[in-house]
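*Asks:* Here's a structure for you.
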Amino acid sequence: MNILIMGTGYVGVTTALVFAELGWNVTGLDTDSRKIQTLSEGKLTFYEPGLEDLLIKHLKTGNIHFTSSPEKAIQENHIIFLCVGTPSDADGNADLQFIHEVAKSIGKHMDGYKLIAVKSTVPIGTNGKLVRWIREAQSLPHPFDVVSNPEFLREGSALQDALNPDRIIIGSDSTHAVDIIKNLYNPLQSPFFVTTPKTAEMIKYASNAFLATKISYMNELSRLCETIEVNISDVAVGMGMDDRIGPKFLKAGIGFGGSCFPKDIKALLHTAKDYGSELSILDKVIQVNQTQSSHFLNKWEHKLGSFSDKKVAILGISFKPNTDDLREAPSIAIIQELLQKQAFIRVHDPIAKLPTGLLSDRLQQFDTLEKTLHRCDAVILCSEWEEYRSADWTQMRTYMNQYFVFDGRNILDGVQLTKLGYHYHGIANQ
Ligand code: UGA
């Protein structure tokens with residue numbers, strides 16, 4: 001089967017490669033010709049473990065190729081997956097500009113039946129709009145179906161998630177379209193749930209918002225646990241042993257970030273507002289998240305006297321490990337607050353880079369832990385890269401001036417660090 005993927009960000013490229021791996025003939029289309037050139041040379045435009053090897057493999061097998069010419073690509077493929085971005089607009093709503101553009105392009109160039117599957121996260125009701133936009137752009141009334149097929153992969157483990165999905169949601173009113181989509185995914189042997197397009201769209205938002213709610217719940221609870229000297233990580237273990245709760249997404253930290261949770265909750269709140277409905281729990285989820293990093297800094301600042309003119313090392317700036325994505329990363333909020341507090345900040349990340357425009361004599365990035373920690377008064381761990389967990393902390397201490405470690409992800413062994421002479425503080429992990 002021939003499949004066209006419109007949009008070659010991390011969802012688009014991962015989806016394209018998974019279908020290529022399943023043996024389908026895949027074309028990746030993007031308006032950004034530099035991206036297309038890079039992908040055609042077997043290189044990714046973002047960091048994602050395992051993906052580049054699969055890209056090189058399927059450029060060789062010929063199961064995948066890339067183009068920036070929509071007309072031929074749309075005409076040669078009956079099945080089209082939309083994987084374009086839906087960033088937040090100024091009001092927090094999802095901006096459908098790119099969805100609208102690809103709809104116009106499909107309507108304009110199609111010359112026969114097309115099945116259009118929407119992977120992008122889009123507000124409830126967008127599939128209906130898409131049908132209208134495609135029809136408006138058609139010069140002849142060629143038939144087509146639109147299917148909602150939301151994506152649930154995570155950055156950092158995109159390939160594994162996409163090859164082993166917990167479920168495949170198909171929102172469609174057309175049994176013909178549902179059968180085609182099922183056939184595409186069949187080799188994955190994951191369960192299907194077939195529903196209406198609007199329900200499928202809601203499942204995506206409801207899932208992300210629920211996962212974020214679990215995190216904010218644990219983060220808020222950790223503030224109480226700190227006060228009454230209860231270990232939040234142990235609370236999470238005990239809670240997670242209940243099948244009805246489960247052990248995942250209960251890790252307290254300095255807050256959730258990324259391109260999805262913050263954006264999707266805002267979009268869902270926006271939809272609720274548009275329909276005169278209230279989602280008060282989600283308001284609170286955002287509020288707890290927005291205050292979590294400064295709560296963490298304020299909690300420990302007195303240990304140093306103040307952060308003013310102190311040298312502080314930030315370990316891990318990506319919003320989570322195994323990605324170079326800085327979007328809504330809690331580290332950025334921490335850095336901004338430390339700058340306001342007049343600290344000197346020295347940043348390290350195995351992959352992610354701060355934009356050079358942000359760098360100054362007070363904010364520098366280094367490529368080794370030795371340079372980063374040089375004469376530092378404190379370390380703040382912001383994302384849980386394995387490199388930090390397994391670092392030689394005996395050696396690290398020799399680089400530092402004072403030995404404070406503030407662990408924003410509760411991943412370091414506090415007992416061991418204390419034995420090594422550090423003053424270790426995490427999140428309610430006393
Ligand atoms: C999230 C969802 O998990 C995916 O299912 C979804 O497909 C994706 O959004 C999307 O909509 O595209 P992602 O944002 O890549 O995936 O990353 P997550 O692993 O969910 O982590 C999000 C944030 O939550 C990170 O900042 C992470 O550090 C934080 N987190 C996660 C916690 O603070 N505690 C936890 O227990 C788990």
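The values are calculated or read from the model by the stated rules, or taken from the named source; none is laboratory data. Keep in mind that what you see is a predicted model, and the values were worked out from it rather than measured. All Cβ positions, glycine included, derive from the backbone under ideal geometry; neighbour counts span all protein chains shown. Quick note on the areas: whole protein, heavy atoms, side chains included, nothing else; ligands and nucleic acids left out. Shrake-Rupley method; radii C 1.70, N 1.55, O 1.52, S 1.80 Å.
*Asks:* Of all residues in the range 353-409 being of a type in the set (Gly, Ala, Ser) and farther than 26 Å from GLY305 by Cβ, which is surrounded by the fewest Cβ atoms within 10 Å (Cβ to Cβ)?
*Replies:* Here the answer is GLY357.
*Asks:* Can you give me the number of residues within the range 152-172 that are part of a helix (DSSP H, G or I), within 11 Å of the ligand (Cβ to nearest atom) and surrounded by fewer than 20 Cβ atoms within 10 Å (Cβ to Cβ)?
*Replies:* Residues flagged as part of a helix (DSSP H, G or I), within 11 Å of the ligand (Cβ to nearest atom) and surrounded by fewer than 20 Cβ atoms within 10 Å (Cβ to Cβ) within the range 152-172 amount to 1.
*Asks:* Only one of (1) touching a helix residue (DSSP H, G or I) at 6+ places or on another chain (Cβ under 6 Å); (2) closer than 11 Å to ILE427 by Cα; (3) within 11 Å of the ligand (Cβ to nearest atom) fails for ASN208. Which number is that?
*Replies:* Just one mismatch for ASN208, condition (2).
*Asks:* Here is a follow-up. Considering only the range 410-430, how many residues are of a type outside the set (Ser, Thr, Tyr), open to solvent by 20 Å² or more (accessible area, probe 1.4 Å) and farther than 17 Å from GLY253 by Cβ?
*Replies:* Residues flagged as of a type outside the set (Ser, Thr, Tyr), open to solvent by 20 Å² or more (accessible area, probe 1.4 Å) and farther than 17 Å from GLY253 by Cβ within the range 410-430 amount to 6.
*Asks:* Would you confirm whether or not the range 73-91 contains a residue that is without any contact (Cβ under 8 Å) to a residue 12 or more places away in the chain and open to solvent by 20 Å² or more (accessible area, probe 1.4 Å)?
*Replies:* For the range 73-91, residues without any contact (Cβ under 8 Å) to a residue 12 or more places away in the chain and open to solvent by 20 Å² or more (accessible area, probe 1.4 Å): present.
*Asks:* Conditions: (1) open to solvent by less than 30 Å² (accessible area, probe 1.4 Å); (2) within 18 Å of THR15 (Cα to Cα); (3) part of a helix (DSSP H, G or I). ALA212 meets all but one. Number of the miss?
*Replies:* (2)
*Asks:* Within the range 174-203, restricting attention to residues that are under 25 Å from ALA272 (Cβ atoms) and more than 16 Å from the ligand (Cβ to nearest atom), which residue is surrounded by the fewest Cβ atoms within 10 Å (Cβ to Cβ)?
*Replies:* Step by step, filter the range 174-203, then rank; the result is THR196.
*Asks:* State all residues of the range 234-286 that are under 29 Å from GLN430 (Cβ atoms) and small (Gly, Ala, Ser); if no residue qualifies, say none.
*Replies:* Those that are under 29 Å from GLN430 (Cβ atoms) and small (Gly, Ala, Ser): ALA236, GLY238, GLY240, GLY246, ALA252, GLY253, GLY255, GLY257, GLY258.
*Asks:* Residue check: is ALA158 under 27 Å from CYS260 (Cα atoms), among the hydrophobic types (A, V, I, L, M, F, W, C) and touching a residue at least 24 places away in the same chain (Cβ under 8 Å)?
*Replies:* When the stated conditions are applied, ALA158 passes them.
*Asks:* While we're on this one: Please work out which one of (1) more than 16 Å from GLU301 (Cα to Cα); (2) within 16 Å of the ligand (Cβ to nearest atom); (3) not acidic (Asp, Glu) is the condition GLY408 fails and give its number.
*Replies:* Of the numbered conditions (1) more than 16 Å from GLU301 (Cα to Cα); (2) within 16 Å of the ligand (Cβ to nearest atom); (3) not acidic (Asp, Glu), the odd one out for GLY408 is (1).
*Asks:* Of the residues SER233, SER259, which single one is modelled with pLDDT under 95 and either assigned to a helix (DSSP H, G or I) or within 15 Å of the ligand (Cβ to nearest atom) (or both)?
*Replies:* One residue alone meets the criteria, SER259.
*Asks:* How many of the residues making up the range 393-430 are in contact (Cβ under 8 Å) with a residue 60 or more places away in the chain and of a type in the set (Val, Ile, Thr)?
*Replies:* Counting residues in the range 393-430 that are in contact (Cβ under 8 Å) with a residue 60 or more places away in the chain and of a type in the set (Val, Ile, Thr) gives 1.
*Asks:* Determine the pairs where a residue that is without any contact (Cβ under 8 Å) to a residue 40 or more places away in the chain, located within the range 103-124, has a partner that is of a type in the set (D, E, K, R) with Cβ atoms under 6 Å apart, the partner being 6 or more residues away or on another chain.
*Replies:* Once the first residue is without any contact (Cβ under 8 Å) to a residue 40 or more places away in the chain and sits in the range 103-124, its partners that are of a type in the set (D, E, K, R) give HIS109/GLU71.
*Asks:* Scan LEU224, LEU279, LEU268, LEU297 and give me the residue that is more than 15 Å from the ligand (Cβ to nearest atom), buried (at least 17 other Cβ atoms within 10 Å of the Cβ) and in the same structural domain as GLY316 (by TED's automatic domain parsing).
*Replies:* LEU297
*Asks:* Right, next: Looking only at the range 314-324, decide whether some residue is in contact (Cβ under 8 Å) with a residue 40 or more places away in the chain, under 22 Å from GLY421 (Cα atoms) and either under 23 Å from the mean Cα position of the chain (by Cα) or open to solvent by 10 Å² or more (accessible area, probe 1.4 Å) (or both).
*Replies:* yes
*Asks:* Here is a check on your reading of the model: is ILE334 open to solvent by less than 30 Å² (accessible area, probe 1.4 Å) and touching a residue at least 24 places away in the same chain (Cβ under 8 Å)?
*Replies:* Yes: the conditions hold for ILE334.
*Asks:* Which one is modelled with the lowest pLDDT among residues in the range 262-284 that are out of contact with any Leu (no Cβ under 9 Å at 6 or more places or on another chain) and hydrophobic (A, V, I, L, M, F, W, C)?
*Replies:* ALA267
*Asks:* Restricting the first residue to the range 276-288 and requiring it to be under 15 Å from LEU221 (Cβ atoms), which pairs with a second residue that is in a helix (DSSP H, G or I) and among the acidic types (Asp, Glu) meet a Cβ separation below 7 Å and a spacing of at least six or different chains?
*Replies:* VAL288/GLU220
*Asks:* Out of curiosity, is SER120 crowded, with 17+ Cβ neighbours inside 10 Å and on the phi < 0 side of the Ramachandran plot?
*Replies:* So SER120 fits the description; yes.
*Asks:* Being polar (S, T, N, Q) and either part of a strand (DSSP E or B) or more than 12 Å from TRP133 (Cβ to Cβ) (or both) is the filter here; which residues of the range 69-120 pass it?
*Replies:* SER69, GLN75, ASN77, THR86, SER88, ASN93, SER120
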